[in-house]
Amino acid sequence: MLTYDSINAEASRLASALSDATEPSACPLCLLDLSLALVDDPNARAELPRLRAECHEIFDTSMRTLLLPRTSADLRNLRARLALNRRRCNISTCVDDPEAPAPLDYMADFFGGLLHVADAGLSQGERSAVGRASMPHKPFSDKQRRWPSGAEQLLPYGGKAAVDALLDLDDRQFSGGGPFCILTCLFAVARELVLPPVLADANTRSRLLRIILRDLKHKHPGGGVETDVPFRNVLSFLSVVHHAPNAAPADGSALFAGYERALMPPLIAGLANLPAGGIERGILTSAIVHLYVSAGFPREVEIPAGVFEWMCSDTNDPDLSFGHLLGVVVLHLSRSRRCANLDCGMSELELGGRPFRMCSRCKVPRYCSKTCQQRDWNQRSGHPHKTVCRALCVVDAKACSSYPEIARFAESKYVDAARGLSPEDKHVLRGFVEATRRKFGFGNTHAP
């Protein structure tokens with residue numbers, strides 16, 4: 001049985017062997033054995049909080065070696081170095097797979113070991129960095145000095161270099177989806193250091209989104225354990241982007257801008273294979289809504305009824321689901337070309353293409369005639385527009401004064417502003433949302 005002393009001794013030995021990130025002297029199989037024990041062995045996992053407090057070196061050296069920028073020539077040299085390290089290893093329990101084809105390549109074992117150590121340090125066991133990140137601004141605040149105690153330990157070469165190194169590893173397929181999992185952890189723990197360089201570099205953002213699309217299009221839930229893993233890794237990433245405590249309202253819109261139409265179909269396909277009421281379904285539904293609104297309600301995308309049912313249902317945060325749906329309805333009405341009078345609903349195309357007039361105050365509904373506008377102003381199935389208009393103006397003023405920099409991400413601003421509405425305004429807007437949704441068929445088809 002593994003004890004803390006044996007784990008600590010092996011971790012210290014390997015940390016010393018990894019001290020030179022360019023030319024490590026660690027045996028790749030010894031590193032892999034330790035890393036798998038930290039992730040899979042119950043006894044080792046139980047000792048992780050103490051190891052994180054007393055042996056920073058194994059996590060520091062693993063991150064420095066994992067995230068070191070490497071050229072193709074560097075990787076060739078590393079491959080030869082790992083083979084040499086393996087031949088020099090005299091640990092009797094460290095044995096090669098007899099069925100592995102020759103010549104043996106230890107790159108997958110080595111990077112797999114580094115990734116498992118990073119995962120154990122970041123997300124496994126009690127008081128992990130990811131767990132501490134659930135409390136805003138406290139991922140590096142720990143009285144026991146559990147690793148990481150500072151951003152420099154997590155990102156030894158900076159946020160941009162860390163993202164590029166992990167994307168390189170994922171492209172080379174050295175260790176399955178491990179690099180993407182570590183990237184998700186970095187977004188959770190050090191978002192303010194990782195996200196800005198991704199958004200600032202079009203090539204890095206494009207590479208990240210191509211990996212997400214690859215995993216979404218080819219791996220769906222319901223296809224077995226192996227095929228589920230990449231899809232669920234993407235779900236974890238979406239959850240961190242949209243719902244982590246330090247998430248800003250516009251992060252998702254900025255990160256996925258220009259890729260909304262490509263991302264929605266595989267996400268909707270994956271939704272059909274997730275159990276109703278689960279956390280994963282809520283994460284996926286929320287992501288679909290964000291993309292649908294940001295893309296401007298594309299006609300070619302059909303949104304399942306369950307998406308809108310979720311948005312209307314009671315959740316742990318009712319203002320969140322209501323804010324999503326309010327954003328969808330408001331943006332639909334402001335961008336569509338239909339008369340907002342619920343007794344009419346004619347489109348500009350049906351009436352010869354003549355532009356409809358818009359409400360001059362709230363800038364949301366359009367009307368085919370002054371008659372329809374007057375009727376809607378005074379009567380809207382119990383919610384005349386004169387009361388709805390005032391409430392919409394309150395939402396818009398609240399959102400734009402609080403978040404002027406995200407005014408173009410309209411759905412996000414409605415989500416946030418819905419939290420501060422008065423009960424009277426919420427009542428008025430809920431009636432407006434439900435009446436509009438029933439009239440224009442939200443929940444069973446795409447926006448007209």
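Worth pointing out:
- Helices (runs of 4 or more DSSP H) within the stretch 1-109 that include 1 or more residues β-branched (Val, Ile, Thr) and in the same structural domain as Phe180 (by TED's automatic domain parsing): 4-17, 28-40, 56-66
- Candidate set from the stretch 167-215 (those that are acidic (Asp, Glu) and more than 15 Å from the chain's Cα centre (by Cα)); member that is surrounded by the most Cβ atoms within 10 Å (Cβ to Cβ): Asp170
- In the stretch 392-414, the residue that is modelled with the highest pLDDT out of those that are hydrophobic (A, V, I, L, M, F, W, C) and touching a Ser or Thr at 6+ places or on another chain (Cβ under 9 Å) is Val394.
- Evaluated against (1) touching a residue at least 12 places away in the same chain (Cβ under 8 Å); (2) over 28 Å from Val163 (Cβ atoms); (3) small (Gly, Ala, Ser); (4) surrounded by fewer than 22 Cβ atoms within 10 Å (Cβ to Cβ), Ala15 falls short on exactly one condition, (2).
- Tally, over the stretch 55-73, of residues that are surrounded by fewer than 24 Cβ atoms within 10 Å (Cβ to Cβ) and over 14 Å from Tyr157 (Cβ atoms): 6
- Odd one out for Leu32 among (1) aliphatic (A, V, I, L, M); (2) closer than 19 Å to Gln124 by Cβ; (3) free of Cβ contacts under 8 Å to residues at least 40 places away in the same chain: (3)
- Failed condition for Val229, given (1) surrounded by fewer than 21 Cβ atoms within 10 Å (Cβ to Cβ); (2) over 20 Å from Asp170 (Cβ atoms); (3) modelled with pLDDT under 90: (2)
- The set of residues in the stretch 254-279 that are of a type in the set (Gly, Ala, Ser), more than 14 Å from Val198 (Cβ to Cβ) and in a helix (DSSP H, G or I) comprises Ala262, Ala269, Gly270.
- Check on Pro139, surrounded by fewer than 21 Cβ atoms within 10 Å (Cβ to Cβ) and either farther than 18 Å from Leu115 by Cα or modelled with pLDDT of 90 or more (or both): no
- Every residue from the stretch 348-379 that is under 21 Å from Phe432 (Cβ atoms), in contact with a Cys (Cβ under 7 Å, 6 or more places away or on another chain) and of a type outside the set (Lys, Arg): Phe356, Cys359, Cys362, Pro365, Tyr367, Cys368, Cys372
- Checking each residue in the stretch 353-397 for being β-branched (Val, Ile, Thr) and surrounded by 16 or more Cβ atoms within 10 Å (Cβ to Cβ) picks out Val364, Thr387, Val388, Val394, Val395.
The values are calculated or read from the model by the stated rules, or taken from the named source; none is laboratory data. Everything numeric in this text was worked out from a predicted model, so none of it was measured. All Cβ positions, even for glycine, are placed from backbone atoms using ideal geometry, and neighbour counts span all protein chains on display.
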